Every structure is written in structure tokens, then in C-alpha cells.
Amino acid sequence: MAEKYQYFVLNIKAVPDVLLKVVEAKRLLESGRASSVQDATDKVGISRSSFYKYKDDIFPFHDDTKGRTITLVMQLDDESGLLSDVLKVIAKYNANILTIHQSIPINGIASLTISVETTESTGDVTNMMSDIEEKDGVHYVKILAKE
């Protein structure tokens, strides 16, 4: 069974410098102030391998998630009813589902991308992700994007 992820909120003083530089490199790329990963990593002073190692695991926390669109990507087993279970968790947290895209399963595993809109009545998104990950057959859940 795949390792389940846990999420923590840390004070910036507790975050290793390399991770903060990865966040800065991502910001440079998103803003267009860096033309490539190499350019961004050179500007912040880390290696490309450090960037690629951590880029999917660190992102800034924003308290203003209400009224935002969050795109989740997950990998899950091709089991009858599992998608329904995932959707029930999202409904339990009062998030509005905007889009769902599931790939054709390969070797019994499918990738799923779901965009949800959070509202004032939406519960804690981190808890929602943890509840999804606890479902048997769900390999991982990550935030792909926030708008």
C-alpha cells in the first residue's frame, strides 16, 4: 500500500532554506521573471535536482482559500465505487465540484484530476485531502493548483 501523506503548517523559521528557495524559484517561473528552470534555480542559488526533488511537495499556504478554485490530482485503484467515495468526501466538506477528469486505468491504476470551488461553508481543505487519502485504493492526493 502506498504511503499516506500528512500535511503540516510550519512557521517560516522552521522551513529549511532549500525549500524556501524552491518556492521562490517556482514564483519566478510563474511570474515570467525566469525563462527556464535552470534560470530560476541559478537566480535563487539551488541545484536543478533540488528543485525537481521538492517542487511538488512545497507551496505557500494561503488562509484565503475560501472562494478559490483548487485543483487536486490523485492516483487511485480502478475499483468500482471508489470515485463515488471520493466525491462523497468532497460533498461532505461542501466544496463545489467544477471539473472531473479520470484517465483510462493502466495496470489497474487511474489518475484523477478534480477542480473544486471552496466557499464559506467548505470545511478545512487539508482535512478533506486527508479523508480522501484514507480511502482504501487511493494512492495519493496533491494540490496541483490554486486560483
So the angle from the long Cα axis of helix 82-92 to the longest Cα principal axis of the chain, reported in degrees to the nearest 10, equals 80 degrees
The extension gain from ASP77 to LYS53, computed as 0.36 nm times the residue separation minus the Cα-Cα distance, is 6.1 nm
Count of lysine pairs, the chain, Cα-Cα under 17 Å, sep. 8 or more residues or interchain, comes to 19
A correct Stokes-Einstein calculation for region 82-138, using the alpha-carbon Kirkwood radius, 4 °C and 1.567 mPa s, returns a whole-number D in µm² s⁻¹ of 108 µm²/s
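As an exercise, use a Förster radius of 22 Å and the Cβ-Cβ distance of HIS139 and LEU98 to find the FRET efficiency, rounded to the nearest 0.05.
After rounding to 0.05, the efficiency reads 0.45.
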One would report the Cα pair-distance distribution of region 48-147, bin width 5 Å, in %, as 3, 12, 23, 24, 18, 12, 6, 2, 0
Computed over the chain, the relative contact order (Cα-Cα under 8 Å, seq sep at least six) in percent reads 29 percent
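Remind me, relative contact order of region 87-147 in percent, using alpha carbon pairs under 8 angstrom and six or more residues apart?
30 percent
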Given unit charges at Cβ for Lys, Arg (+) and Asp, Glu (-), the dipole magnitude of the chain about its Cα centre in debye, nearest 20, is 560 debye
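How high is the FRET efficiency from VAL18 to ILE106, r the C-beta distance, R0 41 Å, rounded to 0.05?
In this case the efficiency is close to 0.75.
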If one compares the long axis through the Cα atoms of helix 17-31 with the longest principal axis of the Cα atoms of the chain, the angle in degrees, nearest 10, works out at 80 degrees
Burial-style ranking of 72-81, 20-29, average other-beta-carbon count within 10 Å with highest first, yields 20-29, 72-81
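Any read-out appearing in this document is the output of simple, stated calculations on the displayed coordinates, not a laboratory observation. Remember, predicted model here, so these are calculated numbers, not experimental data. With ideal geometry, Cβ positions are generated from the backbone for all residues, glycine too; neighbour counts draw on all protein chains shown.
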